[in-house]
Amino acid sequence: EDPSSSSSMQNSVAPELPGFYYDPEKNRYFRLLPGHNNHNPLTKDSIQHKAMECKRLRLLEEEEKQKKTTRAGLNSSVLLQKRQLGLLSSTSYCRLVHELKVNCMQRRKIEIHSPDSSVAGTNNFKIIVADVACERIFTVNDVEHGGCKYGIINLSGLGKESLTVEMYDNLYFTNRKVNSVCWASLTHPDSHFSLTHFSKLCLMGIAETPGCASLLPASLFSSTNPGDRPGMLCSFKISTAWSCAWCLNPQADNCFSTGLTRRVLVTNVVTGHRQTFGTSSDVLAQQFATQTPVLYNGCRSGEIFSIDVRQRNRRGQSWKATRLFHGSAVTSIHLMEAEHYLMAADMAGKIKLWDLRTAKCVKQYKGHYNEYALLPLHVNEEEGLLIAVGQDCYTRIWSLQDAHLLRTIPSPHPSSKDAIPSVVFSSRLGGSRGVPGLLMAVKQDLYHFSYN
């Protein structure tokens, strides 16, 4: 008999007594004491933390032994046989192969090199965001004396056996919390041969009031002559900012949006023109459509709505188009490539796939854990995968097609509020010749989960 199942059964049978904790291993009750009691700090929080840590260590041990579970009867030889017999289409075959490879990914630590060796690996990762080609990753790091530091990691070294990356820091500091970051792209008439030199970073979402929005050139983070680097392109003060999004549709060229407290602010960085749309709730998540100049917004109230940014400001909220509703604050949204579906996650741990044509939820992805944090979603349609990191510090991977939970990856570090991993998943980590895999940044470390 499984010891964990028998223990949980005993615990469920034992009645719960106010002020006492039942230990199934010792088969007796213990008095719960206040959390500030340092002599015998037996509290519900400490008990839960101990149980979570035991579970994490057990899962890490299973990861090392490669005791990972996937769909029953799914293995490479069976898939190949079904494909040869014509029982699987090429699309289904590729999707199931990706599921197998996701379950075979092994964790390896990445060595981070920096021109300034004194700061390499000394600050905790807070946010990592990859550019479109997944050649570089922008990082936000907490610094010891408070505030944040920004940097860029070059992923070209991931294809080598050494697994090393180059990290370039910049001395742009803020003593406030960065809520949201997105990549932006400003192009020059002569830049068609090398857009990377004109790629910019849109740094948004300073939590405190007054906050600020900043647009930084990526060339600030390089090993070239510091005297040749441009300065900050755009920076302006705003009220409390929660989210940001950059528009790639030519009808709203060079525009970005900022989700504020009960407001949406759309700004053209070239002309300086601004549009303001009043909302009834804080805007915590945003994304522009590519085929049309439409902005999707997720709110603290649980509402998701769209705005056509070509229209002029209107009084009231008559400009709202598509409207969807979650039961809790929406923390992340992702518009699918065909732009007929929208994925959204909320603070109740619900992840839903919405059909924008019918305004109905068509799928739910179960297992995600969240209570109050702003946690992103990562969707890879090419490989049919959905990735999300929960507030419990577990990284979960689902099949997009049938919402099956494929894998749960424990954090290499003990779970805590300041150690929630930040991840990036791509089919081509390191550029066009890169390999599929998952990058995980937690504390001061960077890990690579590569396909085998």
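Heavy-atom accessible surface of Thr276, to the nearest 10 Å², is about 50 Å², with a 1.4 Å probe and all protein chains retained.
Ranked by the mean number of other Cβ atoms within 10 Å of their residues, highest first, the peptides 397-408, 131-142 come out as 131-142, 397-408. With contacts taken as Cα pairs under 8 Å and at least 6 residues apart, the range 383-452 reaches a relative contact order of 22 percent.
Protection proxy ranking for 385-391, 56-62, 250-256, using the average of other Cβ atoms within 10 Å per residue and placing the highest first: 385-391, 250-256, 56-62. The aspartates and glutamates whose alpha-carbon is closer than 15 Å to the alpha-carbon of Lys50, local same-chain residues fewer than 8 away aside, are Asp23, Glu25, Asp392.
Under the combined filter of DSSP loop state and at most 11 neighbouring Cβ atoms within 10 Å, the range 338-394 retains these GluC sites (Glu not before Pro): Glu371. Put simply, when 18-24, 277-283 are sorted by average Cβ atoms within 10 angstrom per residue, most first, you get 277-283, 18-24.
Ranking of Leu80, Leu446 by solvent-accessible surface, largest first: Leu80, Leu446 (1.4 Å probe, protein heavy atoms only, all chains present). Each of Lys417, Lys149, Lys82 has its accessible area taken with a 1.4 Å probe; listed largest first, they run Lys417, Lys82, Lys149. Within the full protein context, the accessible area of His273 is estimated at about 110 Å² for a probe radius of 1.4 Å. If R0 is taken as 35 Å, the Cβ-Cβ distance between Thr408 and Asp355 corresponds to a FRET efficiency of 0.80. Taking label positions 7 Å along the Cα-Cβ direction at both Leu80 and Lys101, the computed distance is 1.5 nm, reported to one decimal. A 1.4 Å probe run over the protein chains yields, for the range 289-415, 41 Å² of accessible area per residue, whole-number rounding. Accessible area per residue was computed with a 1.4 Å probe on protein heavy atoms; Val362 scores about 70 Å².
With the Cα gyration tensor of the range 346-452 giving a ≥ b ≥ c as the square roots of its eigenvalues, does the rule (a/c under 1.5 for rounded; else a/b larger than b/c for prolate; else oblate) give rounded, prolate or oblate? It comes out oblate by the Cα gyration axes.
The values are calculated or read from the model by the stated rules, or taken from the named source; none is laboratory data. Quick caveat: nothing in here was measured; it's all calculated off a predicted structure. Every residue, glycine among them, receives a Cβ derived from its backbone with ideal geometry; neighbour counts consider all protein chains shown. Ligands, DNA and RNA are stripped out before the accessible areas are found, and what is left, the full protein with its side chains, is counted by its heavy atoms. Shrake-Rupley method; radii C 1.70, N 1.55, O 1.52, S 1.80 Å.
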